[in-house]
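One structure is given here, and the rest of the page talks about it.
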Amino acid sequence: MNGEARRPIAYVLKRYPRLTETFILNEIRAMERLGVRLHIFSLLPPEPPPHHPMVAEVRAPVTAPATGFAARAREIARAHAAMIAAAPLRYARAFGTALRRTVTSRHPVSLWRQFARAGIVADTCRRERLGHIHAHFANAPTAVAHFAHLMSGIPFSFTAHAKDIYLSRPAVLRRHLQAAEFTATCTGYNADHLRRLAPGIDPRKIRLVYHGIDLGAFAASPSRPSAAAAARPRILAVGRLVPKKGHEDLIAACAALRDQGVDFDCEIVGSGPLRDSLAAEIRRHDLEDRLTLRGAMTHADLIEHYRRAQLFVLAPRIAEDGDRDGIPNVIAEAMAVGVPVVATDVSGIPELVRHERTGLLAPSRDPAALAAAMQRLLEDRALAERLATSARDLLTREFDLWETTRALQALITTGCCSAHRAAPTLAPDHALDVGVTVPEVAK
(Lines give C-alpha, C1' and ligand atoms only; values in the text may rest on other atoms or scores of the structure.)
Protein backbone atom coordinates (compact mmCIF):
# COMPACT_ATOMS: atom_id res chain seq x y z
CA MET A 1 0.00 0.00 0.00
CA ASN A 2 2.99 2.34 0.36
CA GLY A 3 2.83 3.47 -3.26
CA GLU A 4 -0.88 4.21 -2.95
CA ALA A 5 -0.66 6.26 0.26
CA ARG A 6 -1.79 9.51 -1.36
CA ARG A 7 -4.77 8.06 -3.19
CA PRO A 8 -8.25 8.55 -1.73
CA ILE A 9 -9.66 5.80 0.48
CA ALA A 10 -13.08 4.22 -0.02
CA TYR A 11 -15.21 3.92 3.13
CA VAL A 12 -17.96 1.31 2.75
CA LEU A 13 -20.79 1.76 5.27
CA LYS A 14 -24.18 0.13 5.58
CA ARG A 15 -25.89 3.51 5.84
CA TYR A 16 -24.58 7.07 5.85
CA PRO A 17 -25.35 9.31 7.56
CA ARG A 18 -26.74 7.47 10.57
CA LEU A 19 -27.70 9.06 13.89
CA THR A 20 -26.49 6.16 16.05
CA GLU A 21 -23.00 5.82 14.53
CA THR A 22 -21.22 8.95 15.72
CA PHE A 23 -18.01 6.94 16.22
CA ILE A 24 -17.76 6.41 12.44
CA LEU A 25 -18.64 10.03 11.73
CA ASN A 26 -15.95 11.18 14.17
CA GLU A 27 -13.40 8.91 12.50
CA ILE A 28 -14.29 10.24 9.03
CA ARG A 29 -13.96 13.85 10.21
CA ALA A 30 -10.63 13.11 11.87
CA MET A 31 -9.31 11.31 8.78
CA GLU A 32 -10.14 14.31 6.63
CA ARG A 33 -8.54 16.73 9.09
CA LEU A 34 -5.40 14.57 8.98
CA GLY A 35 -5.28 15.17 5.24
CA VAL A 36 -6.80 11.90 3.99
CA ARG A 37 -9.16 12.11 1.03
CA LEU A 38 -12.17 9.81 1.31
CA HIS A 39 -15.03 8.56 -0.84
CA ILE A 40 -18.01 7.22 1.15
CA PHE A 41 -20.21 4.39 -0.14
CA SER A 42 -23.58 4.02 1.60
CA LEU A 43 -25.13 0.63 0.82
CA LEU A 44 -28.57 1.85 1.87
CA PRO A 45 -30.24 5.23 1.41
CA PRO A 46 -29.36 7.75 4.14
CA GLU A 47 -31.52 8.03 7.22
CA PRO A 48 -34.00 10.91 7.14
CA PRO A 49 -33.21 13.91 9.37
CA PRO A 50 -32.32 14.78 12.02
CA HIS A 51 -28.64 14.40 11.21
CA HIS A 52 -25.73 15.33 13.41
CA PRO A 53 -24.47 18.85 12.59
CA MET A 54 -21.00 17.29 12.11
CA VAL A 55 -22.24 15.66 8.89
CA ALA A 56 -22.07 19.08 7.23
CA GLU A 57 -18.33 19.22 7.95
CA VAL A 58 -17.55 16.09 5.90
CA ARG A 59 -16.16 16.93 2.45
CA ALA A 60 -16.04 13.40 1.01
CA PRO A 61 -18.35 12.59 -1.91
CA VAL A 62 -21.02 10.03 -1.07
CA THR A 63 -22.20 7.28 -3.42
CA ALA A 64 -25.61 5.98 -2.35
CA PRO A 65 -28.14 3.75 -4.14
CA ALA A 66 -30.17 5.33 -6.90
CA THR A 67 -33.85 5.97 -6.14
CA GLY A 68 -36.20 3.40 -7.62
CA PHE A 69 -35.71 -0.21 -8.70
CA ALA A 70 -35.22 0.52 -12.41
CA ALA A 71 -32.61 3.22 -11.78
CA ARG A 72 -30.73 0.95 -9.38
CA ALA A 73 -30.77 -1.92 -11.87
CA ARG A 74 -29.35 0.33 -14.61
CA GLU A 75 -26.67 1.65 -12.22
CA ILE A 76 -25.61 -1.88 -11.27
CA ALA A 77 -25.63 -3.11 -14.89
CA ARG A 78 -23.46 -0.20 -16.06
CA ALA A 79 -20.93 -0.72 -13.27
CA HIS A 80 -20.61 -4.46 -13.82
CA ALA A 81 -20.32 -4.03 -17.59
CA ALA A 82 -17.52 -1.51 -17.02
CA MET A 83 -15.67 -3.92 -14.71
CA ILE A 84 -16.02 -6.78 -17.20
CA ALA A 85 -14.50 -4.55 -19.89
CA ALA A 86 -11.73 -3.19 -17.64
CA ALA A 87 -10.63 -6.44 -15.95
CA PRO A 88 -12.36 -9.46 -17.52
CA LEU A 89 -10.22 -12.13 -15.86
CA ARG A 90 -10.52 -10.60 -12.41
CA TYR A 91 -14.25 -10.21 -12.86
CA ALA A 92 -14.61 -13.82 -14.04
CA ARG A 93 -12.73 -15.06 -10.97
CA ALA A 94 -14.88 -12.88 -8.67
CA PHE A 95 -18.05 -14.18 -10.33
CA GLY A 96 -16.84 -17.77 -9.96
CA THR A 97 -16.11 -17.15 -6.28
CA ALA A 98 -19.66 -15.86 -5.79
CA LEU A 99 -21.05 -18.97 -7.52
CA ARG A 100 -19.04 -21.29 -5.25
CA ARG A 101 -20.10 -19.42 -2.13
CA THR A 102 -23.75 -19.66 -3.15
CA VAL A 103 -23.59 -23.43 -2.59
CA THR A 104 -22.79 -23.08 1.13
CA SER A 105 -24.46 -19.73 1.83
CA ARG A 106 -27.43 -19.61 4.18
CA HIS A 107 -28.57 -16.40 2.48
CA PRO A 108 -27.77 -16.67 -1.25
CA VAL A 109 -30.01 -13.73 -2.19
CA SER A 110 -28.09 -11.51 0.24
CA LEU A 111 -24.78 -12.79 -1.16
CA TRP A 112 -25.72 -11.74 -4.71
CA ARG A 113 -27.00 -8.43 -3.43
CA GLN A 114 -23.55 -7.74 -1.98
CA PHE A 115 -21.94 -8.88 -5.24
CA ALA A 116 -24.14 -6.43 -7.16
CA ARG A 117 -23.24 -3.57 -4.83
CA ALA A 118 -19.57 -4.47 -5.07
CA GLY A 119 -19.60 -3.77 -8.80
CA ILE A 120 -20.51 -0.14 -8.11
CA VAL A 121 -17.77 0.18 -5.48
CA ALA A 122 -15.16 -1.48 -7.71
CA ASP A 123 -16.04 0.60 -10.78
CA THR A 124 -16.05 3.88 -8.84
CA CYS A 125 -12.74 3.02 -7.20
CA ARG A 126 -11.24 2.23 -10.61
CA ARG A 127 -12.51 5.43 -12.24
CA GLU A 128 -11.61 7.68 -9.29
CA ARG A 129 -8.25 5.93 -8.71
CA LEU A 130 -8.99 5.10 -5.07
CA GLY A 131 -6.14 3.23 -3.44
CA HIS A 132 -7.76 1.26 -0.63
CA ILE A 133 -11.20 0.05 0.46
CA HIS A 134 -12.09 0.10 4.17
CA ALA A 135 -15.41 -1.23 5.47
CA HIS A 136 -17.07 -0.70 8.82
CA PHE A 137 -18.75 -3.82 10.25
CA ALA A 138 -17.81 -7.37 9.38
CA ASN A 139 -21.11 -8.31 7.73
CA ALA A 140 -22.60 -6.73 4.57
CA PRO A 141 -20.13 -3.82 4.18
CA THR A 142 -17.14 -6.17 4.43
CA ALA A 143 -18.72 -8.67 2.03
CA VAL A 144 -19.08 -5.81 -0.48
CA ALA A 145 -15.51 -4.64 0.11
CA HIS A 146 -14.22 -8.22 -0.32
CA PHE A 147 -16.02 -8.71 -3.64
CA ALA A 148 -14.91 -5.26 -4.82
CA HIS A 149 -11.32 -6.28 -4.00
CA LEU A 150 -11.70 -9.45 -6.04
CA MET A 151 -13.06 -7.50 -9.01
CA SER A 152 -10.55 -4.64 -8.92
CA GLY A 153 -7.42 -5.90 -7.16
CA ILE A 154 -7.59 -2.92 -4.78
CA PRO A 155 -6.65 -4.01 -1.24
CA PHE A 156 -9.30 -3.91 1.44
CA SER A 157 -9.57 -3.91 5.21
CA PHE A 158 -12.39 -3.67 7.71
CA THR A 159 -13.25 -2.67 11.25
CA ALA A 160 -15.22 -5.25 13.22
CA HIS A 161 -17.36 -4.00 16.08
CA ALA A 162 -19.77 -6.18 18.10
CA LYS A 163 -22.98 -7.68 16.71
CA ASP A 164 -21.29 -8.15 13.34
CA ILE A 165 -18.67 -10.38 14.99
CA TYR A 166 -20.81 -12.51 17.27
CA LEU A 167 -23.78 -13.06 14.96
CA SER A 168 -21.77 -13.80 11.80
CA ARG A 169 -20.88 -17.32 10.71
CA PRO A 170 -17.32 -18.15 11.84
CA ALA A 171 -16.44 -19.55 8.40
CA VAL A 172 -17.45 -16.29 6.71
CA LEU A 173 -15.50 -14.22 9.25
CA ARG A 174 -12.40 -16.38 8.73
CA ARG A 175 -12.65 -15.87 4.98
CA HIS A 176 -12.72 -12.09 5.38
CA LEU A 177 -9.94 -12.12 7.98
CA GLN A 178 -7.71 -14.14 5.66
CA ALA A 179 -8.28 -11.96 2.58
CA ALA A 180 -8.12 -8.52 4.21
CA GLU A 181 -4.90 -6.51 4.47
CA PHE A 182 -5.75 -6.14 8.15
CA THR A 183 -8.73 -6.15 10.49
CA ALA A 184 -9.20 -3.47 13.11
CA THR A 185 -11.49 -3.97 16.07
CA CYS A 186 -12.53 -1.69 18.88
CA THR A 187 -11.80 -3.85 21.95
CA GLY A 188 -9.08 -6.20 23.11
CA TYR A 189 -11.86 -8.65 23.96
CA ASN A 190 -12.87 -8.71 20.27
CA ALA A 191 -9.26 -8.98 19.10
CA ASP A 192 -8.64 -12.02 21.27
CA HIS A 193 -11.87 -13.62 20.04
CA LEU A 194 -10.97 -13.07 16.38
CA ARG A 195 -7.45 -14.45 16.83
CA ARG A 196 -8.88 -17.59 18.43
CA LEU A 197 -11.38 -17.84 15.58
CA ALA A 198 -8.64 -17.73 12.92
CA PRO A 199 -5.47 -19.12 14.54
CA GLY A 200 -3.79 -19.77 11.20
CA ILE A 201 -3.41 -16.13 10.16
CA ASP A 202 -0.69 -13.71 11.23
CA PRO A 203 -1.92 -12.25 14.56
CA ARG A 204 -0.56 -8.86 13.52
CA LYS A 205 -3.33 -8.68 10.93
CA ILE A 206 -5.91 -8.33 13.72
CA ARG A 207 -5.37 -4.99 15.42
CA LEU A 208 -6.84 -3.22 18.42
CA VAL A 209 -7.88 0.32 17.52
CA TYR A 210 -10.21 1.85 20.09
CA HIS A 211 -13.02 4.17 19.07
CA GLY A 212 -11.55 7.57 19.78
CA ILE A 213 -13.22 10.46 21.56
CA ASP A 214 -12.79 14.04 20.38
CA LEU A 215 -11.93 15.37 23.82
CA GLY A 216 -12.00 18.94 22.53
CA ALA A 217 -15.75 18.60 21.97
CA PHE A 218 -16.43 17.67 25.59
CA ALA A 219 -16.08 19.72 28.73
CA ALA A 220 -17.68 19.36 32.13
CA SER A 221 -20.24 22.04 32.87
CA PRO A 222 -19.06 24.17 35.79
CA SER A 223 -22.69 24.77 36.70
CA ARG A 224 -23.59 21.08 37.07
CA PRO A 225 -24.34 20.44 40.76
CA SER A 226 -22.78 17.45 42.44
CA ALA A 227 -24.97 14.56 43.50
CA ALA A 228 -24.66 15.71 47.10
CA ALA A 229 -25.76 19.26 46.29
CA ALA A 230 -28.51 18.44 43.78
CA ALA A 231 -32.05 18.47 45.13
CA ARG A 232 -32.75 15.35 43.10
CA PRO A 233 -29.67 13.77 41.46
CA ARG A 234 -29.93 13.03 37.73
CA ILE A 235 -29.03 9.55 36.46
CA LEU A 236 -28.51 9.21 32.72
CA ALA A 237 -28.44 6.15 30.46
CA VAL A 238 -28.00 6.27 26.69
CA GLY A 239 -28.49 3.37 24.31
CA ARG A 240 -30.84 1.84 21.78
CA LEU A 241 -33.88 0.17 23.29
CA VAL A 242 -32.77 -3.37 22.41
CA PRO A 243 -32.16 -6.46 24.59
CA LYS A 244 -28.35 -6.25 24.75
CA LYS A 245 -28.47 -2.82 26.45
CA GLY A 246 -30.02 -4.31 29.60
CA HIS A 247 -32.37 -1.40 30.25
CA GLU A 248 -34.74 -3.76 32.10
CA ASP A 249 -32.00 -4.30 34.69
CA LEU A 250 -31.51 -0.54 35.06
CA ILE A 251 -35.24 -0.06 35.65
CA ALA A 252 -35.19 -2.78 38.32
CA ALA A 253 -32.09 -1.18 39.89
CA CYS A 254 -33.87 2.17 40.01
CA ALA A 255 -36.78 0.51 41.83
CA ALA A 256 -34.31 -0.92 44.34
CA LEU A 257 -32.73 2.53 44.82
CA ARG A 258 -36.16 4.05 45.44
CA ASP A 259 -36.92 1.35 47.98
CA GLN A 260 -33.66 2.22 49.77
CA GLY A 261 -34.89 5.77 50.18
CA VAL A 262 -32.58 7.28 47.52
CA ASP A 263 -34.08 10.24 45.69
CA PHE A 264 -33.24 10.65 41.98
CA ASP A 265 -34.46 11.31 38.45
CA CYS A 266 -33.39 8.92 35.67
CA GLU A 267 -33.52 9.40 31.91
CA ILE A 268 -32.96 6.72 29.27
CA VAL A 269 -32.09 8.31 25.92
CA GLY A 270 -32.60 6.20 22.81
CA SER A 271 -35.16 4.62 20.52
CA GLY A 272 -35.84 1.05 19.53
CA PRO A 273 -38.26 -1.88 19.45
CA LEU A 274 -38.45 -2.35 23.23
CA ARG A 275 -39.91 1.07 23.99
CA ASP A 276 -43.40 -0.21 24.80
CA SER A 277 -42.18 -3.09 26.96
CA LEU A 278 -39.77 -0.83 28.86
CA ALA A 279 -42.57 1.69 29.44
CA ALA A 280 -44.63 -1.17 30.86
CA GLU A 281 -41.74 -2.12 33.17
CA ILE A 282 -41.55 1.48 34.41
CA ARG A 283 -45.28 1.41 35.21
CA ARG A 284 -45.00 -2.01 36.86
CA HIS A 285 -42.32 -0.67 39.22
CA ASP A 286 -44.33 2.53 39.80
CA LEU A 287 -41.45 4.69 38.56
CA GLU A 288 -43.29 7.07 36.23
CA ASP A 289 -42.42 10.06 38.43
CA ARG A 290 -38.69 9.22 38.44
CA LEU A 291 -37.78 7.46 35.19
CA THR A 292 -38.36 8.88 31.70
CA LEU A 293 -37.79 7.35 28.27
CA ARG A 294 -36.39 9.97 25.90
CA GLY A 295 -36.21 9.34 22.18
CA ALA A 296 -33.08 9.46 20.06
CA MET A 297 -31.38 12.85 19.87
CA THR A 298 -28.54 14.57 18.09
CA HIS A 299 -25.08 14.58 19.55
CA ALA A 300 -25.24 18.28 20.40
CA ASP A 301 -28.40 17.76 22.47
CA LEU A 302 -26.95 14.68 24.12
CA ILE A 303 -23.88 16.54 25.35
CA GLU A 304 -26.15 18.88 27.30
CA HIS A 305 -27.80 15.88 28.96
CA TYR A 306 -24.37 14.56 29.98
CA ARG A 307 -23.54 17.93 31.52
CA ARG A 308 -26.68 17.90 33.66
CA ALA A 309 -26.15 14.36 34.97
CA GLN A 310 -24.55 13.38 38.26
CA LEU A 311 -24.24 9.69 37.32
CA PHE A 312 -24.10 7.75 34.07
CA VAL A 313 -25.27 4.13 34.14
CA LEU A 314 -25.37 1.45 31.47
CA ALA A 315 -26.21 -2.21 32.05
CA PRO A 316 -25.29 -4.15 28.88
CA ARG A 317 -25.74 -7.92 28.80
CA ILE A 318 -25.13 -10.74 26.33
CA ALA A 319 -28.46 -11.23 24.56
CA GLU A 320 -30.04 -14.63 24.04
CA ASP A 321 -28.86 -14.72 20.40
CA GLY A 322 -25.26 -13.92 21.41
CA ASP A 323 -25.39 -10.23 20.48
CA ARG A 324 -23.38 -7.95 22.76
CA ASP A 325 -21.75 -4.55 22.91
CA GLY A 326 -18.06 -3.81 22.43
CA ILE A 327 -17.31 -0.65 24.39
CA PRO A 328 -20.36 1.60 24.06
CA ASN A 329 -19.16 5.02 22.96
CA VAL A 330 -21.63 6.71 25.24
CA ILE A 331 -19.64 5.53 28.26
CA ALA A 332 -16.52 7.27 26.97
CA GLU A 333 -18.55 10.38 26.14
CA ALA A 334 -19.93 10.56 29.68
CA MET A 335 -16.44 10.12 31.09
CA ALA A 336 -15.13 12.87 28.82
CA VAL A 337 -17.70 15.28 30.26
CA GLY A 338 -16.70 14.28 33.78
CA VAL A 339 -19.69 12.17 34.80
CA PRO A 340 -18.89 9.19 37.09
CA VAL A 341 -19.86 5.88 35.50
CA VAL A 342 -21.39 2.58 36.59
CA ALA A 343 -21.58 -0.22 34.02
CA THR A 344 -21.68 -3.99 33.75
CA ASP A 345 -18.66 -6.24 33.18
CA VAL A 346 -19.63 -7.37 29.65
CA SER A 347 -17.34 -7.73 26.64
CA GLY A 348 -14.77 -4.92 26.36
CA ILE A 349 -16.37 -2.57 28.90
CA PRO A 350 -13.80 -3.41 31.65
CA GLU A 351 -11.08 -2.07 29.32
CA LEU A 352 -12.56 1.40 29.85
CA VAL A 353 -14.51 1.11 33.10
CA ARG A 354 -11.72 -0.21 35.30
CA HIS A 355 -13.29 -1.17 38.59
CA GLU A 356 -12.48 1.18 41.46
CA ARG A 357 -10.14 3.16 39.16
CA THR A 358 -12.19 4.79 36.39
CA GLY A 359 -15.68 3.68 37.41
CA LEU A 360 -17.60 0.90 39.12
CA LEU A 361 -18.52 -2.41 37.52
CA ALA A 362 -21.39 -4.72 38.42
CA PRO A 363 -22.15 -8.21 37.10
CA SER A 364 -24.58 -8.23 34.20
CA ARG A 365 -28.21 -9.23 34.87
CA ASP A 366 -27.81 -8.32 38.55
CA PRO A 367 -30.03 -5.30 39.34
CA ALA A 368 -29.24 -5.45 43.06
CA ALA A 369 -25.49 -5.14 42.47
CA LEU A 370 -26.11 -2.40 39.92
CA ALA A 371 -28.26 -0.49 42.42
CA ALA A 372 -25.59 -0.85 45.12
CA ALA A 373 -22.92 0.62 42.82
CA MET A 374 -25.21 3.48 41.82
CA GLN A 375 -26.04 4.29 45.44
CA ARG A 376 -22.38 4.19 46.37
CA LEU A 377 -21.41 6.83 43.81
CA LEU A 378 -24.43 9.02 44.53
CA GLU A 379 -23.53 9.08 48.23
CA ASP A 380 -19.72 9.09 48.13
CA ARG A 381 -18.87 12.37 46.43
CA ALA A 382 -15.11 12.02 46.93
CA LEU A 383 -15.05 8.58 45.28
CA ALA A 384 -17.19 9.81 42.38
CA GLU A 385 -14.87 12.74 41.74
CA ARG A 386 -11.75 10.58 41.96
CA LEU A 387 -13.11 8.03 39.49
CA ALA A 388 -14.28 10.75 37.09
CA THR A 389 -10.84 12.40 37.09
CA SER A 390 -9.07 9.09 36.51
CA ALA A 391 -11.48 8.24 33.70
CA ARG A 392 -10.72 11.48 31.86
CA ASP A 393 -6.99 10.76 32.26
CA LEU A 394 -7.45 7.30 30.74
CA LEU A 395 -9.33 8.75 27.78
CA THR A 396 -6.47 11.17 27.16
CA ARG A 397 -3.90 8.37 27.21
CA GLU A 398 -5.67 5.64 25.24
CA PHE A 399 -8.90 6.88 23.64
CA ASP A 400 -7.99 10.22 22.06
CA LEU A 401 -9.65 10.44 18.63
CA TRP A 402 -6.62 11.89 16.86
CA GLU A 403 -4.29 9.17 18.09
CA THR A 404 -6.67 6.30 17.32
CA THR A 405 -7.36 7.72 13.85
CA ARG A 406 -3.63 8.15 13.18
CA ALA A 407 -3.17 4.50 14.12
CA LEU A 408 -5.86 3.41 11.66
CA GLN A 409 -4.44 5.70 8.98
CA ALA A 410 -1.02 4.12 9.47
CA LEU A 411 -2.49 0.65 9.06
CA ILE A 412 -4.21 1.65 5.82
CA THR A 413 -1.30 3.53 4.29
CA THR A 414 1.70 1.47 5.40
CA GLY A 415 0.30 -2.00 6.02
CA CYS A 416 -0.32 -3.90 9.24
CA CYS A 417 3.26 -5.06 9.85
CA SER A 418 4.85 -1.63 9.31
CA ALA A 419 2.22 -0.02 11.51
CA HIS A 420 2.89 -2.69 14.12
CA ARG A 421 6.50 -1.57 14.34
CA ALA A 422 5.55 2.12 14.32
CA ALA A 423 2.82 1.84 16.94
CA PRO A 424 3.83 -0.57 19.70
CA THR A 425 0.94 0.57 21.89
CA LEU A 426 -1.36 -1.31 19.52
CA ALA A 427 0.57 -4.56 19.87
CA PRO A 428 -1.41 -7.67 18.94
CA ASP A 429 -0.99 -9.45 22.26
CA HIS A 430 -3.62 -7.55 24.18
CA ALA A 431 -2.97 -7.83 27.91
CA LEU A 432 -4.59 -4.97 29.78
CA ASP A 433 -4.92 -5.08 33.54
CA VAL A 434 -8.53 -3.99 33.55
CA GLY A 435 -9.76 -5.57 36.75
CA VAL A 436 -12.26 -7.92 35.16
CA THR A 437 -12.95 -9.63 38.47
CA VAL A 438 -15.71 -7.57 40.04
CA PRO A 439 -15.62 -7.43 43.84
CA GLU A 440 -18.64 -6.54 45.95
CA VAL A 441 -19.61 -3.07 44.80
CA ALA A 442 -21.77 -2.45 47.84
CA LYS A 443 -18.80 -2.19 50.17
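The values are calculated or read from the model by the stated rules, or taken from the named source; none is laboratory data. What you see is a predicted model, and the numbers here were worked out from it, not measured in a lab. All Cβ positions, even for glycine, are placed from backbone atoms using ideal geometry, and neighbour counts span all protein chains on display.
Would you check if there is a residue in the stretch 353-373 being assigned to a helix (DSSP H, G or I), under 16 Å from Ile327 (Cβ atoms) and assigned by TED's automatic domain parsing to the domain that holds Arg234?
Looking for residues that are assigned to a helix (DSSP H, G or I), under 16 Å from Ile327 (Cβ atoms) and assigned by TED's automatic domain parsing to the domain that holds Arg234, one finds none in the stretch 353-373, hence no.
Across the stretch 83-92, which residue is surrounded by the fewest Cβ atoms within 10 Å (Cβ to Cβ) among those that are in contact (Cβ under 8 Å) with a residue 40 or more places away in the chain and farther than 13 Å from Phe147 by Cα?
Once the filter is applied, the top-ranked residue is Ala86.
Name every residue in the stretch 279-327 that is of a type in the set (D, E, K, R) and under 18 Å from the mean Cα position of the chain (by Cα), in order of residue number.
Result: Arg317, Asp323, Arg324, Asp325.
Between residues in the stretch 45-64 that are under 19 Å from Val12 (Cα atoms) and residues that are in a strand (DSSP E or B) and among the polar types (S, T, N, Q), which pairs lie under 9 Å by C-beta distance while being six or more apart or on different chains?
Every condition considered, the pairs that remain are Val62/Ser42; Thr63/Ser42; Ala64/Ser42.
Thr22 is checked against (1) buried (at least 16 other Cβ atoms within 10 Å of the Cβ); (2) in contact with a strand residue (DSSP E or B) (Cβ under 9 Å, 6 or more places away or on another chain) and fails just one. What number does that condition carry?
The number of the failed condition is (2).
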